[in-house]
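Note sheet for the following structure.
The values are calculated or read from the model by the stated rules, or taken from the named source; none is laboratory data. Keep in mind that what you see is a predicted model, and the values were worked out from it rather than measured. We place every Cβ from the backbone using ideal geometry, glycine too, and count neighbours over all the protein chains shown.
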């Protein structure tokens with residue numbers, strides 16, 4: 001391949017790369033990109049709130065290309081540090097099979113961790129947790145009654 005052909009090929013590849021980058025970030029505001037970069041900087045320093053927010057960015061495609069697997073990765077880091085919102089989102093990911101293989105047992109585990117910390121969205125689903133204990137995941141009638149009572153006590 002002669003020099004002129006190499007330059008032409010390089011120009012085409014560069015244009016293709018620019019197009020791919022543009023399309024991956026099309027529709028994103030500069031504020032979203034700036035927030036994403038800030039979350040990433042703090043997340044890499046093990047800040048659980050930033051890790052959770054970074055997961056949200058990946059999940060929704062805010063400031064970065066949407067990537068559900070990457071969202072789960074960051075929610076898991078945050079959840080392992082005890083951040084209830086990340087535990088809830090990780091539970092949802094396993095419950096729905098989004099970014100990970102569907103696994104009701106793993107979903108239940110993360111939902112319980114979030115409930116134990118008083119996460120409001122999970123508390124509103126305590127009846128469902130009780131039902132899953134009774135019918136599926138744990139097959140534990142005592143646990144089912146416990147979660148049913150918690151739900152009833154909250155209206």
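For segment 25-50, the set of residues classified as modelled with pLDDT of 90 or more and not in a helix (DSSP H, G or I) consists of 44, 45, 46, 47, listed by residue number. Listed by position, the helices (runs of 4 or more DSSP H) contained in segment 66-121 that have at least 1 residues being at pLDDT 95 or above and surrounded by 22 or more Cβ atoms within 10 Å (Cβ to Cβ) are 68-80, 84-96.
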